[in-house]
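**Student:** My structure is below; once you've seen it, I'll send some questions.
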Amino acid sequence: MTAALTTAPATAPNTVHGNGFGSATAGIVTSCLGAAGVWVGLLAMFATVRPLHIGWLVPLSGVYLALDPLGGFFLALTGGVAIPVGLYAIGYARREQLGRIPLAVLPVFVAAMLLVPAAGSVTTFLVAWELMALASLILVLAEHTRSEVRSAGLMYAVMTQLGFVAILIGLMVLSAAGGADRFAALGPVPDGARMAVFALTVAGFGSKAGLVPLHAWLPRAHPEAPSPVSALMSAAMVNLGIYGIVRFDLQILGPGPRWWGLVLLVIGGVSAVYGVLQATVATDLKRLLAYSTTENMGLITMALGAATLFADAGAHAPATIAMAAAMLHLVAHAAFKSLGFLAAGSVLAATGLRDLDRLGGLARKMPATTLLFGLAALGAAGLPLGAGFASEWLLIQSLIHAASTHDTLVALTVPLAVGAVALTTGLGVAAMVKAFGIGFLARPRSVGAADAREAPGTMLAGMTIAAAGCVMLAVAPMVAGPVLQRVLAGLPAANLVGFSDFGAVIRLPGLSGSVSPGLIAAGLAAAVVSAVVLARWRSRQRPKPVALPLWACGADDLTPRMQYTATSFAEPLQRVFDDVLRPDTDIEVTHLAESRYMAEAITYRAEIADAVEQRTYPPVIRAVTAAAGLVRRAHTGSVHLYLAYGGLGVLIVLVVSR
Amino acid sequence: MGWIGKILRVGRVVERADPRPEPAMDPPAGVRGSLQIRHVDAGSCNGCEVEISAVFGPVYDAERFGARLVASPRHADGLLVTGVVTHNMADPLRNTVAATPQPRVVIACGDCALNRGVFRDAYGVLGAVGEVVPVDVEIPGCPPTPTDIIEALRSVTGK
């Protein structure tokens with residue numbers, strides 16, 4: 001927090017002149033770091049990487065880096081996100097005049113994120129985690145001259161540091177109970193400590209992953225940060241929250257008792273449904289994407305919880321499938337969400353708008369960006385031909401097949417979980433159709449959208465790399481097959497049944513069921529081509545086409561105001577989920593003085609705030625404020641009193657450590 | 001499944017169909033027994049509309065002869081225009097005719113549509129339908145009876 005506040009004002013003078021060299025350097029360094037991360041991560045998964053100990057870097061314990069397949073997986077994933085973001089940042093920083101400090105911190109942030117999964121000891125992990133949190137905070141505050149950015153930054157700072165406190169205590173308990181600092185050397189942990197570590201780490205890592213109810217920073221910080229930073233945070237940093245849960249709760253302490261699975265399943269389910277509901281009614285493009293992140297992290301957490309629960313109930317094949325779904329969805333989410341945020345950043349840079357109600361008509365002005373965002377939206381919708389399809393299919397399959405196990409708890413929870421996933425996917429389609437259809441198609445709803453111009457080459461190049469990842473996952477998810485096998489082999493919940501049949505046709509291990517995204521894509525492509533050819537062939541027999549104006553119900557022309565807006569598109573859903581979303585609407589009618597039957601003006605105001613945040617946060621904040629008021633009584637401003645406190649403290653330490 | 005048998009036994013309760021009228025033209029869509037109609041009220045007193053709603057009601061049931069009302073000229077083969085054309089409706093009428101795919105048929109329904117009728121000298125009147133857009137089929141009457149309208153529609157659907 002202090003770091004951000006002291007460094008931030010220095011960026012102001014730099015924003016006046018363009019920084020071409022700096023942006024190129026920062027972008028290239030970021031991409032190179034990402035490429036190195038991918039390379040080392042792949043090495044860690046398919047070969048062995050020697051652990052690295054640097055004793056002098058951190059006092060007492062030193063820095064210890066060790067990579068196993070799980071760490072390598074997250075390292076490669078983070079690196080994979082950093083490559084397109086680095087390229088994109090070159091053009092974005094030039095166009096948006098990013099200051100020197102955000103440009104300098106961008107590679108530091110990526111390096112810190114790469115260190116987190118590479119850390120082999122508790123101390124190193126904590127140092128890397130805090131470095132990542134501080135770097136991201138500085139990046140969120142890049143445009144600190146706007147008050148919304150400052151308020152988002154404050155929210156993010158408080159939540160990330162509270163999360164860090166929970167993680168710090170949890171990992172210290174783990175380290176003390178396990179009797180070692182290095183992960184590999186940790187011994188068995190007694191039950192009480194195990195529970196405490198689970199509760200603390202799930203709270204801490206869950207807040208980083210944006211799980212409800214600790215998600216409130218996400219829809220504030222992601223929209224206000226510069227878009228490459230939003231992409232890094234949403235596609236890479238939140239994954240590391242999941243990494244923390246997988247590493248500490250499912251691997252080191254795993255597979256865990258069944259109530260752990262149940263807790264993860266419930267948190268994940270609530271996050272997924274709540275996140276997607278907020279995404280469907282959001283009108284800010286980046287806020288929508290941020291809530292979609294909560295949704296997807298919820299789905300992943302559900303899959304982790306399901307794997308734990310099924311492994312405990314003895315259903316090992318569904319457990320493996322659920323774990324595979326979680327890991328595959330992490331990859332898919334990283335691909336489509338980085339692309340989504342980058343494309344939203346292009347829109348923001350070209351139009352200065354994030355409000356879907358004022359966008360539109362971008363398909364003509366920015367065809368490449370529109371196509372790329374369409375790929376991202378298709379991936380996020382979880383439909384066939386989208387990046388998220390294979391993983392969501394696996395999750396549903398694991399849940400459906402687990403229902404047949406003779407275990408009361410599983411039989412009770414699984415139908416609810418299937419319902420939650422189905423609702424999430426369905427609403428996700430609505431949210432993404434809204435983002436793409438309202439934001440990019442039809443006619444521009446404002447001058448800014450009408451004057452948009454296409455993003456520069458480096459930005460398009462960065463987005464194209466991310467889009468290639470999306471298409472690959474959508475058409476040929478088998479490229480992730482060997483990676484999944486290596487990662488699953490290292491996880492206690494999933495290593496009893498191997499996921500070997502992950503090829504062009506994905507066959508579930510030990511169960512009936514298969515799907516082939518590649519074949520679906522090929523079939524659809526063939527159908528489209530044949531339809532086009534047939535239409536061409538038949539069009540020869542028809543009369544010549546005539547160009548006519550659009551049908552406007554007999555009126556002269558259509559205006560952009562006649563179009564569907566994001567708000568009106570989501571209105572039916574908002575009505576259905578009124579009790580959850582709690583929209584705040586207000587209609588004010590001013591009557592004419594002569595008659596009550598004539599209206600002079602009608603004012604309509606509608607706002608949907610985060611209901612969870614509004615309900616749960618104010619009591620906590622009030623309690624903290626009250627506690628601070630109590631503590632303040634001891635802080636009178638008298639130096640003598642403070643000296644006395646110091647002396648008393650030293651005395652207590654001496655007595656205790658005697 | 002008793003209700004299916006009931007339907008088959010009872011059949012449809014409609015007036016007996018008259019013998020098929022002389023065809024006025026080839027069916028515009030190229031298919032006999034199918035005419036999708038968009039109704040345009042260019043300035044009618046709503047007398048014709050009352051008769052038209054009877055035409056498509058259960059008693060006269062024009063749909064059994066293949067005529068059907070649709071919600072947009074983009075879906076239509078023909079327009080059924082009622083009333084004298086007022087100044088305000090002249091442009092919308094032209095736009096609607098332009099928006100109807102060709103080959104199309106324009107049916108003017110009622111005396112006002114044919115020759116301005118009782119509104120001949122009113123200040124808001126531009127002219128009869130035939131003075132604004134080309135008319136293919138005419139249905140005289142003030143208002144025309146449902147039987148007249150059905151006969152005109154059948155002369156177009158050919159059924």
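FYI, it's all coordinate maths here, none of it is from the lab. Note that the coordinates shown come from a computational prediction; the quantities given were computed from them, not determined experimentally. Please note: Cβ atoms are built from the backbone with ideal geometry, for glycine as well, and neighbour counts cover all protein chains shown.
**Student:** May I ask you to say which residue of A:LEU511, A:LEU524 is touching a residue at least 60 places away in the same chain (Cβ under 8 Å), away from chain B (no Cβ under 14 Å) and not in a helix (DSSP H, G or I)?
**Tutor:** Working: A:LEU524 fails: not in a helix (DSSP H, G or I).
Going through A:LEU511, A:LEU524 in turn, just one is touching a residue at least 60 places away in the same chain (Cβ under 8 Å), away from chain B (no Cβ under 14 Å) and not in a helix (DSSP H, G or I): A:LEU511.
**Student:** Another one. Within the bounds of the stretch A:108-131, is there any residue that is touching a residue at least 40 places away in the same chain (Cβ under 8 Å), of a type in the set (Asp, Glu) and either surrounded by 24 or more Cβ atoms within 10 Å (Cβ to Cβ) or in contact with a helix residue (DSSP H, G or I) (Cβ under 7 Å, 6 or more places away or on another chain) (or both)?
**Tutor:** No - not one qualifying residue is present in the stretch A:108-131.
**Student:** Hey, among A:GLY268, A:GLY275, A:GLY256, which residue is part of a loop (DSSP other than H, G, I, E, B) and touching a helix residue (DSSP H, G or I) at 6+ places or on another chain (Cβ under 6 Å)? Steps first, answer last, please.
**Tutor:** Details: A:GLY268 fails: part of a loop (DSSP other than H, G, I, E, B); A:GLY275 fails: part of a loop (DSSP other than H, G, I, E, B).
Exactly one residue qualifies, and that residue is A:GLY256.
**Student:** Any idea how many residues of the stretch B:84-109 are more than 14 Å from chain A (Cβ to nearest Cβ) and in contact with a Phe, Trp or Tyr (Cβ under 8 Å, 6 or more places away or on another chain)?
**Tutor:** Adding up the residues that qualify gives 1.
**Student:** Now, a different point. Which condition from (1) outside any helix (DSSP H, G or I); (2) without any contact (Cβ under 8 Å) to a residue 60 or more places away in the chain; (3) among the hydrophobic types (A, V, I, L, M, F, W, C) is the one that A:LEU200 breaks?
**Tutor:** (1)
**Student:** Answer with yes or no whether A:ALA307 is more than 27 Å from A:VAL122 (Cβ to Cβ) and either within 12 Å of the chain's Cα centre (by Cα) or crowded, with 24+ Cβ neighbours inside 10 Å (or both).
**Tutor:** no
**Student:** Just give me the residues in the stretch B:84-109 being part of a strand (DSSP E or B) and among the hydroxyl-bearing types (Ser, Thr, Tyr), in sequence order.
**Tutor:** Within the stretch B:84-109, the subset part of a strand (DSSP E or B) is B:85-86, B:105-109.
Hit for the stretch B:84-109 is B:THR86, nothing else.
**Student:** Between residues in the stretch A:552-577 that are within 14 Å of chain B (Cβ to nearest Cβ) and touching a residue at least 40 places away in the same chain (Cβ under 8 Å) and residues that are in a loop (DSSP other than H, G, I, E, B) and hydrophobic (A, V, I, L, M, F, W, C), which pairs lie under 7 Å by C-beta distance while being six or more apart or on different chains?
**Tutor:** A:LEU558/A:LEU550; A:LEU558/A:ALA552
**Student:** Read through the list (1) touching a residue at least 40 places away in the same chain (Cβ under 8 Å); (2) more than 14 Å from every other protein chain (Cβ to nearest Cβ), then give the number of the only condition that B:GLY117 fails.
**Tutor:** (1)
**Student:** Just checking, how many residues over the stretch A:468-517 are more than 25 Å from the chain's Cα centre (by Cα), surrounded by 15 or more Cβ atoms within 10 Å (Cβ to Cβ) and among the polar types (S, T, N, Q)?
**Tutor:** The total comes to 2.
**Student:** So which helices (runs of 4 or more DSSP H) are wholly in the stretch A:288-388 and hold at least 2 residues that are β-branched (Val, Ile, Thr) and in contact with a Pro (Cβ under 8 Å, 6 or more places away or on another chain)? Lay out the reasoning, then the answer.
**Tutor:** On the way: elements: A:316-351, A:362-365, A:367-381.
Result: A:316-351.
Residues are listed down the side, and each one gets a yes or a no for (1) under 30 Å from A:LEU162 (Cα atoms); (2) loosely packed, with under 10 Cβ neighbours inside 10 Å; (3) within 29 Å of the chain's Cα centre (by Cα):
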residue	(1), (2), (3)
A:HIS591	no, no, no
A:ILE602	no, yes, no
A:GLU613	yes, no, yes
A:TYR645	yes, no, no
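**Student:** Kindly indicate which of A:VAL589, A:VAL532, A:VAL580 is more than 14 Å from chain B (Cβ to nearest Cβ), touching a strand residue (DSSP E or B) at 6+ places or on another chain (Cβ under 6 Å) and of a type in the set (A, V, I, L, M, F, W, C).
**Tutor:** A:VAL589
**Student:** Okay, moving on. On the given criteria, is A:ALA623 within 30 Å of A:TYR291 (Cβ to Cβ), touching a residue at least 12 places away in the same chain (Cβ under 8 Å) and not aromatic (Phe, Trp, Tyr)?
**Tutor:** On the way: within 30 Å of A:TYR291 (Cβ to Cβ): yes; touching a residue at least 12 places away in the same chain (Cβ under 8 Å): no; not aromatic (Phe, Trp, Tyr): yes.
For A:ALA623, the condition - within 30 Å of A:TYR291 (Cβ to Cβ), touching a residue at least 12 places away in the same chain (Cβ under 8 Å) and not aromatic (Phe, Trp, Tyr) - is not met.
**Student:** What single numbered condition from (1) among the small types (Gly, Ala, Ser); (2) in contact with a Leu (Cβ under 6 Å, 6 or more places away or on another chain); (3) closer than 30 Å to A:GLY437 by Cβ fails to hold for A:SER234?
**Tutor:** Against the list (1) among the small types (Gly, Ala, Ser); (2) in contact with a Leu (Cβ under 6 Å, 6 or more places away or on another chain); (3) closer than 30 Å to A:GLY437 by Cβ, A:SER234 comes up short only on (2).
**Student:** Just checking, which of B:CYS112, B:CYS142 is out of contact with any strand residue (DSSP E or B) (no Cβ under 6 Å at 6 or more places or on another chain), more than 14 Å from chain A (Cβ to nearest Cβ), outside any strand (DSSP E or B) and buried (at least 16 other Cβ atoms within 10 Å of the Cβ)? Lay out the reasoning, then the answer.
**Tutor:** Working: B:CYS142 fails: buried (at least 16 other Cβ atoms within 10 Å of the Cβ).
Checking each option against the conditions leaves just B:CYS112.
**Student:** OK, next. When the stretch B:35-78 is examined, which residues are found to be more than 15 Å from B:ALA108 (Cα to Cα) and β-branched (Val, Ile, Thr)?
**Tutor:** Scanning the stretch B:35-78 gives B:VAL50, B:VAL55, B:VAL59, B:VAL70.
**Student:** Working only within the stretch A:149-177, note down all residues that are among the small types (Gly, Ala, Ser) and touching a residue at least 24 places away in the same chain (Cβ under 8 Å).
**Tutor:** A:SER151, A:ALA152, A:GLY153, A:ALA157, A:GLY163, A:ALA166, A:GLY170, A:SER175
**Student:** Got a number for residues in the stretch B:31-83 being away from chain A (no Cβ under 14 Å), among the charged types (D, E, K, R) and either more than 10 Å from the chain's Cα centre (by Cα) or not in a strand (DSSP E or B) (or both)? It would help to see each step written out before you state the result.
**Tutor:** First, pick out the residues of the stretch B:31-83 that are away from chain A (no Cβ under 14 Å): B:31-37, B:44-69, B:77-78, B:80, B:82-83.
Keeping just the survivors that are among the charged types (D, E, K, R) gives B:32, B:49, B:51, B:61, B:63-64, B:68, B:77.
Within this subset, residues satisfying the condition of being either more than 10 Å from the chain's Cα centre (by Cα) or not in a strand (DSSP E or B) (or both) are B:32, B:49, B:51, B:61, B:63-64, B:77.
Residues that pass the stated criteria total 7.
**Student:** Quick check on my filter: what residues within the stretch B:30-60 are out of contact with any strand residue (DSSP E or B) (no Cβ under 7 Å at 6 or more places or on another chain), of a type in the set (Gly, Ala, Ser) and under 25 Å from B:ALA99 (Cβ atoms)?
**Tutor:** From the stretch B:30-60, those out of contact with any strand residue (DSSP E or B) (no Cβ under 7 Å at 6 or more places or on another chain) are B:30-34, B:45-47, B:50-51, B:53-55, B:57-60; that's our starting set.
Those still in the list that are of a type in the set (Gly, Ala, Ser) too: B:30, B:33-34, B:47, B:53-54, B:57.
The answer is B:GLY30, B:GLY33, B:SER34, B:SER53.
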